[in-house]
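What follows is calculated from the coordinates using simple rules that are stated; it is not laboratory data. Remember, it's a predicted structure, so these values are computed and weren't measured experimentally. Counting neighbours? That spans all protein chains shown, and the Cβs are built from the backbone with ideal geometry, glycine included.
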Amino acid sequence: MASLAARLRDLELRTRPEHPDLTAALARRWEELPAHVKARNQMLGRRTAGCEGTHGVFPRCNLACTPCYHSREANRVRTDGEHTVVEVERQMAYLRAERGPGQNAQLIGGEVTLLEPDDHAGALQAMINHGRKPMSMSHGDFDYDYLEALALDPASGRPRFRHLSFAGHFDSMMYGRRGLKAPESEAALNPHRARFCEMFARLEAEHGVTHYLAHNMTVTPANVDEVAQVIRDCREMGFRMLSFQPAAFIGNTSRWKHDYREFSTDEVWRRIEEGAGARLHPGAVQIGDLRCNRTAYGAYAGERYVPLLDEDDERDARALDDFVTAFGGMDFVAPSGILAARVARGLARHPRAIASGAGWGRRFAARAGGLRALARQRPQALTYVMHAFMDADKVKPAWELLRRGELSEEPAVRETQERLQACSYAMAHPDSDELVPACAQHSVLDPEENVRLQERLPLLELPLAPG
Ligand code: SF4
């Protein structure tokens with residue numbers, strides 16, 4: 001049994017706003033960031049080390065997307081639970097050592113629900129054991145039985161997870177969904193989106209397992225005009241994040257169907273605002289490079305979308321400064337006693353956060369129509385995100401030069417390098433001791449990785465979807 005001194009040391013550590021490993025990781029991340037993103041509202045290196053994703057685990061998928069960011073060989077690799085759990089374990093151990101605890105990590109590959117529920121659960125547990133907050137990335141075409149088997153311990157029938165996070169990818173360029181092989185419009189997918197959310201609501205009602213759901217959608221010239229309506233249709237389904245990815249020329253070239261550069265990211269963002277029914281404030285908080293990411297936090301109070309922070313209000317900018325100074329990368333998901341102690345210690349180290357936080361609360365309530373309006377209807381948090389991946393032909397030369405420690409003089413290559421250096425979505429390579437931006441992973445490393453996996457995990461049957 002641990003001595004009293006050891007238990008006190010452990011308690012002292014757990015009630016710190018930031019674990020010391022995270023403090024060190026954030027400092028390193030800030031140091032590495034290129035100067036152009038070291039803005040006052042930059043969260044990388046101050047509040048988070050960035051998002052993480054798995055790679056080389058289960059690249060196969062049973063839908064066909066245009067575009068598909070996986071290389072042609074992906075569907076020739078067998079989905080193998082044992083391989084997945086071992087590889088996730090290795091990657092997560094590396095991420096814990098490099099980036100500290102409490103970071104968001106995506107269990108991503110091809111289709112995650114092609115894993116057996118127990119293997120899927122094993123991979124999530126490995127992520128949790130290494131201090132990650134996992135989110136499973138799925139096309140959403142699975143049944144409640146699968147979700148229940150994932151959530152419940154098969155021996156006891158009781159929940160093995162208290163909470164599950166999933167991102168459901170739904171868009172009309174995905175072919176082969178059960179009951180909707182070739183969607184003619186985004187609206188045709190709405191029953192499938194609703195069904196996805198309803199499965200998680202049922203899981204919570206029947207077993208008490210809570211959830212966080214994100215909706216992902218690739219945007220191409222074929223569906224850009226439908227973005228606003230998708231948002232209106234999905235706002236109240238149960239998603240907490242609506243994320244849009246303007247398509248890029250990455251992955252399987254036979255799946256490139258349109259000129260993805262026909263419209264700008266500004267245009268996509270304009271459609272997002274149109275659907276949100278409000279001006280969004282992506283300038284309030286920056287995560288990495290704005291050319292890669294725009295994130296707008298806020299909530300609906302009735303029909304009104306209320307930004308968490310007003311990007312034009314200096315008082316909100318100061319409140320954010322104070323919040324980050326007090327709490328840094330603090331994890332607010334913790335048992336109530338631990339959380340209370342962390343908050344108290346954070347406020348003690350920067351008491352000004354109390355007054356600026358109270359001021360921010362008053363302004364947020366006023367924006368939402370006043371305290372009475374808030375009391376009548378609890379605001380529903382909804383985050384809007386746009387993540388614009390880069391084309392493989394740009395990423396390859398930029399990444400190769402970066403690996404040699406060279407910065408290009410050529411403006412387009414240099415811009416790509418700047419974005420890669422400020423990347424907010426990385427994948428772990430313990431063997432080469434590297435964190436690789438997802439753009440470089442998909443553009444440069446995936447093809448070779450999938451060839452190796454194809455040899456190691458050959459398919460025992462025909463591919464599920466055309467290559
Ligand atoms: S994965 Fe690519 S687009 Fe996304 S943040 Fe990293 S460099 Fe930018």
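Per-structure values
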item	result
Mean Cβ neighbour count within 10 Å, used as a protection proxy, ranking 103-110, 443-450 highest first	103-110, 443-450
Cα-based convex hull volume of segment 61-220 per residue, rounded to whole Å³	122 Å³
Volume per residue of the C-alpha convex hull in segment 315-376, rounded to whole Å³	97 Å³
Net lengthening on full extension, Glu82/Arg291 (0.36 nm per residue, minus Cα-Cα)	71.5 nm
Pairwise FRET efficiency - His163 versus Glu434, Cβ, R0 = 35 Å, nearest 0.05	0.70
Of the DSSP H helices in the chain, those whose Cα atoms cover at least 24 Å axially and whose Kyte score averages -1.0 or more	81-99, 190-207
DSSP-defined antiparallel bridges as percent of all bridges, segment 133-258, nearest 5	10 percent
Net charge, Asn223 excluded, C-beta distance under 9 Å - Lys, Arg +1, Asp, Glu -1	-4
222 nm mean residue ellipticity, helices alone, for the chain (DSSP H n ≥ 4; -39,500 (n - 2.57); rounded to 500)	-12500 deg cm²/dmol
Simple spin-label estimate for Ala355 and Glu12 in nanometres, 7 Å along Cα-Cβ	3.2 nm
Placed amide H near Gly140: partners under 5 Å, 5+ positions off or other chain	His169
Cα-centre dipole for the chain with unit charges at Cβ (Lys and Arg positive, Asp and Glu negative), debye to 20	1760 debye
Charge sum, other residues only, whose C-beta stays under 11 Å from Ala194's C-beta, Lys/Arg counted +1 and Asp/Glu -1	-1
Global size of segment 202-313 as Cα Rg and Dmax, reported in angstrom	15.9, 47
Segment 374-435 versus segment 209-272: alpha-carbon centroid distance in Å	18 Å
Rounded to whole Å, sorted largest first: equivalent-ellipsoid semi-axes of the chain, Cα gyration tensor	32, 27, 26
Amide H within-cut-off set for Ser165, under 5 Å, with H built and near neighbours excluded	Ser136, Tyr212
Percent of beta bridges antiparallel (DSSP, the chain, rounded to nearest 5)	35 percent
For His83, net neighbour charge (Lys/Arg +1, Asp/Glu -1) across residues whose Cβ lies under 10 Å away	-2
For a label point 7 Å along the Cα-to-beta-carbon line of Tyr212, residues of segment 84-117 with backbone N under 17 Å	100-108
Cα-based reach from Lys394 at 13 Å (exclusive), listing aspartates and glutamates while leaving out same-chain residues under 8 positions away	Glu410, Glu415, Glu418
Alpha carbon convex hull of segment 173-258, volume per residue in cubic angstrom	116 Å³
